[in-house]
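Reading through the C-alpha cells given below for one structure.
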C-alpha cells in the first residue's frame, strides 16, 4: 500500500487531506470529529481580534447540477464569531490530544504591524504547527481593510508576510485570493516576504442566483443580499490553473503549494498534487457529505497510486507541471480527428447536432433502412476540436485519433502565419 504521509514545510500529517479554514474547523468539537474520521490535518477557522465578528442569517446558497448535486457553493459567513481566548484554548487542547495531525491556524487582523505581532505570538503558545494568513476572504472583511483587500495588493501581501516571519518561528502559509488579474503577482509578493508556502484558491466573488419572486439574490437576509465567496467543484478548473501558474513561474516554482478549490474525491487531489501541491484542503465536499468522505479519498488515492507503482506522493508530485505551457508553445503540426465506434453508437445524434450547428460540419448523417441514422466523421473537415467527444453520452464511443502530418514540431512563435513572428 502506498505511503500517503506528508511533510509540508515541516508540518507532518498522516495523509495529504486537510480541512480548509471554514465552518467545519470552527471549534474543537468539529476538529476532533474530523480527526476521528481520518483527516490528516485542519486549518482552524480564521481568528481575528476581539470583539469577535458577528454573522448574519442566512449565510449559504448553492448551484446544483442536473443530478441535484451541489456543484457550486456560496457563503457570506465571516471569520470566527467566537472569542479569541476560547479559540486559542481549544487549539492548544486539540493539538495535545492529536499530536500526529497537522493543525494550522488561519489569521486575519488589521493591516498593522502590532496587531499581527500580537496574534502570531498568541498562536505560537498553543503549540499549533503553522500559520495561514487569510488574504482572500472576499466579503465582509475587505470593507474593514482585511482579507481580499490585502491579497489584491502585492505590497501589502509582502509586508504582512514579512511581519509574520519576523515575529513567529512557525511556518507561514499565505492564502491567496483568486479575485485578482494575475495570481503570480501576489504569489511573488508572498515569496519576497519570506512565506514558507502559499495556499490557493480562496473563494471567488459570486452571486449564485436570484429568487425571482422576491427579486433578491440568495442567500436572503431580510429581503436583501450581497455577493459572497464561491467554492465547490465548479471552481476546480480555476484553482488548477492558478496552481499551475505559480508552479511553473520562474520566481515561485520552488514555493510549496497547498491546493484548494473544489476537491471532492481522490482524483481531484491527485490532479492538484500532479501540478505541484504538497497537500490539499477540502471544505465544500465535507460540508455536503460529512467528514467520513476522507476514507473514500484515502482509499481511492491509495489504490490509484498502487496501480501506477507510486510508493509515495512525491513520486508523482509536480509531474504535470512540465507538460503545462503557454499556448504559443503548443505544436501547430499536431493533428487529431474524431473516430466513431459504430458498435457503441446509439444513434442519438448529439455529436451531429453540435458539430452541424456550432462547429465545423464534419459529421455526416446517413438515414438507414430501419429508420435509424448512421453518423460518420468527414475526416477532411474535422479539426479535432473534441466537441463531438464531449457531447457523446456513451463512454469511449468517440475517440480522438492522432494523424501523422509528416511535419516537425512547430509552435506559433515559429509559424510563418504569425504576423509577429520576427518581432522581438
Filtering segment 77-88 down to residues that are in contact (Cβ under 8 Å) with a residue 12 or more places away in the chain and assigned to a helix (DSSP H, G or I), which residue is surrounded by the fewest Cβ atoms within 10 Å (Cβ to Cβ)?
85
Could you grab the pairs with beta carbons closer than 9 Å, sequence gap of 6+ or different chains, first residue in segment 221-242 and free of Cβ contacts under 8 Å to residues at least 12 places away in the same chain, second one part of a helix (DSSP H, G or I)?
241/183
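Condition check: within 17 Å of the chain's Cα centre (by Cα) and at pLDDT 95 or above. Does residue 316 satisfy that?
Working: within 17 Å of the chain's Cα centre (by Cα): no; at pLDDT 95 or above: yes.
Against the criterion (within 17 Å of the chain's Cα centre (by Cα) and at pLDDT 95 or above), residue 316 does not qualify.
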Selection within segment 198-212 - crowded, with 24+ Cβ neighbours inside 10 Å and either closer than 22 Å to residue 249 by Cα or over 19 Å from the mean Cα position of the chain (by Cα) (or both)
198, 199, 200, 201, 202
For segment 154-181, give me each residue that is in a loop (DSSP other than H, G, I, E, B) and touching a helix residue (DSSP H, G or I) at 6+ places or on another chain (Cβ under 8 Å).
168, 169, 170, 176, 177, 178, 179, 180
All conditions in (1) free of Cβ contacts under 8 Å to residues at least 40 places away in the same chain; (2) surrounded by fewer than 13 Cβ atoms within 10 Å (Cβ to Cβ); (3) within 36 Å of the chain's Cα centre (by Cα); (4) in a loop (DSSP other than H, G, I, E, B) are true of residue 357 except (4)
Check segment 87-101 and report whether any residue there is within 20 Å of residue 197 (Cα to Cα) and either touching a helix residue (DSSP H, G or I) at 6+ places or on another chain (Cβ under 7 Å) or in the same structural domain as residue 205 (by TED's automatic domain parsing) (or both).
yes
Return a yes/no flag: does segment 202-215 have any residue that is part of a strand (DSSP E or B) and under 21 Å from residue 161 (Cβ atoms).
no
Across segment 28-61, the tally of residues that are buried (at least 20 other Cβ atoms within 10 Å of the Cβ) and touching a strand residue (DSSP E or B) at 6+ places or on another chain (Cβ under 6 Å) stands at 11
Quick check: is even one residue across segment 97-116 within 14 Å of residue 168 (Cβ to Cβ), under 28 Å from the mean Cα position of the chain (by Cα) and part of a helix (DSSP H, G or I)?
yes
The number of residues in segment 27-50 that are assigned to a loop (DSSP other than H, G, I, E, B) and either free of Cβ contacts under 8 Å to residues at least 12 places away in the same chain or closer than 14 Å to residue 291 by Cα (or both) is 3
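The values are calculated or read from the model by the stated rules, or taken from the named source; none is laboratory data. These numbers come from a predicted model, not from an experiment. A quick note on method: Cβ atoms are made from the backbone with ideal geometry, for glycine too, and the neighbour counts reach across all protein chains shown.
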